[in-house]
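The values are calculated or read from the model by the stated rules, or taken from the named source; none is laboratory data. If you're wondering where the values come from, they're calculated on a predicted model, not measured in any experiment. With ideal geometry, Cβ positions are generated from the backbone for all residues, glycine too; neighbour counts draw on all protein chains shown. The accessibility values were calculated without ligands, DNA or RNA, using every heavy atom of the protein model including side chains. Shrake-Rupley method; radii C 1.70, N 1.55, O 1.52, S 1.80 Å.
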Amino acid sequence: MESGYVTTPFGRRPMSLGMLASQQLAETIEPGMKRSKWKLFRAICEARPALGVTDRALTVLDALLTFYPDDEISEEKGLIVFPSNAQLSLRARGMTPATLRRHLAVLVEAGLILRKDSPNGKRYARRDRAGAIGEAFGFSIAPLLARAVEIESLAAQAVADRDLLRAIRERLTICRRDISKLISTAIDEAVPGDWEQMTMMFRALVARISRVATTENLASLLDEMGLLRDEAVNLLERHVKRQKIDANESQIERHKQNSNTDSNYELEPSFETKQGEKAATNNEGTAEPPGEQRPRPLKPSAGMVGKVSDAAIPLSGPSLKSFPLALVLQACPQILDYGPGGTIGNWRDLMSAAVIVRSMLGVSPSAYEEACLGMGPENAATVIACILEKGGHINSPGGYLRDLTRRTERGEFAIGPMLMALVRAGGPIARHVG
């Protein structure tokens, strides 16, 4: 500022601690500091919510800056503008005097301008004989220069937040579309799975989307929808994989049926007898080479004539999607008590804790081993943690685990809905993981 003392407002306007703080801040301008007034004004517009000013107040600030003679604001060129109310009203798009005073007060309260009132409250400047301004009374824009770095930082953060919000909204829109179409496809194609529950979860997530939602809220919704979409994709991919396996089995059956029409059994391997050797005959009338025992054919059961039994071809266990460890611990915090030292920092710690909990819940080693083979060790440990979290709601943990293992093998079980249900039931978790 041009004066080194505290100025108080004219007339009935009261003095406030905020005004005093703004005056002290305006006196801390670094020597030689300059800023383009229009670039700085653009930054103020970007940071408007953080600065606590209205769009009409920015219209008044725009009008005030037009009275500053140069494009660059600096202490060397003075920091006081002194327009009359009539001229200021014209440049503020014809704003009425009462509205003008109200928004000038908003700018002062926000710490963007200061009043430097004359003894009679008028705005004017005293000039020397050469025409240079000696002392001026009006509005000081010194706070703009003193807070330039802060304002530019707030503007950059506002732009980044806006871009992030737009990107999250776009991803959320795509995720909503994906889930809707995937569920519709699954229902139309009669894919095994609890699609009704998944539809209800999807509708509940969509209902939580607000027009004025914050970035944090939308990011949380996007994470939950992403899990739901992954579960839908996982179930559909397992169904497609199983269809391919069934198709390959059918091709193998047809190939074996047509390749050897003289054989009594479709899966019976052929053997050649050596020349000059007498062929032995078994009780079914088929020759066997001496000294060798021929493999017995697989006898089809009733209703399965001409089809290979499922037990005859070992299928690899269905591949369930493993979820982030942090999400598992958020959904199932009780498992932390059984980790090494009361913390769980990796999957190895979780699996070690699951073994302890398995024994405590009365789950037999064979049931847990089957779950590890069918789901994978990480997912089996996750299910044990979920069973522990549900507590008394499960009468027979061992039977429940065996049922989930069988459903997994049929492609009818997904861990994601179970975890998200526990997350919603438990709310925010204050515990820390190691």
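Some points to look at:
- Residue-level accessible surface for PHE82, protein heavy atoms, 1.4 Å, Å²: 60
- Between ASN395 and THR214, residue separation times 0.36 nm minus the direct Cα-Cα distance comes to 61.0 nm.
- Around ARG162: net Lys/Arg minus Asp/Glu count, Cβ-Cβ under 11 Å: -1
- Computed from the Cβ-Cβ distance with R0 of 56 Å, the FRET efficiency linking MET33 to GLN334 stands at 0.45.
- With θ taken as phi - 60° and the Karplus curve 6.51 cos²θ - 1.76 cosθ + 1.60 applied, the whole-hertz 3J(HN,Hα) list for the range 222-231 is 5, 4, 5, 5, x, 5, 5, 5, 4, 5 Hz, x standing for glycine and proline.
- Rounded if a/c under 1.5, otherwise prolate or oblate - the range 52-112, Cα gyration tensor axes: oblate
- Cut-off under 5 Å, modelled amide H: who pairs with ARG115 long-range: SER140
- For the range 333-349, backbone phi angles converted through the Karplus equation (6.51, -1.76, 1.60; θ = phi - 60°) give residue-by-residue couplings of x, 5, 5, 4, 5, 9, x, x, x, x, 9, 10, x, 7, 5, 4, 5 Hz, Gly and Pro being listed as x.
- Here the label points at ASP403 and SER322, each 7 Å from Cα along the C-beta direction, are separated by 2.8 nm in the simple model.
- Two-site FRET efficiency, ALA421 against ARG101, from Cβ-Cβ distance with R₀ of 60 Å, rounded to 0.05: 0.55
- The equivalent ellipsoid that matches the C-alpha gyration tensor of the range 330-426 spans semi-axes of 19, 15, 13 angstrom, in descending order.
- Modelled FRET efficiency - R0 22 Å, ILE187 with ARG242, Cβ distances, 0.05 increments: 0.80
- Assuming charge only on the beta carbon of Lys and Arg (+1) and of Asp and Glu (-1), the dipole of the range 324-410 about its Cα centre is about 180 debye to the nearest 20.
- Cα-projected label distance for LEU165 with ALA50, points at 7 Å along beta-carbon direction, nm: 1.3
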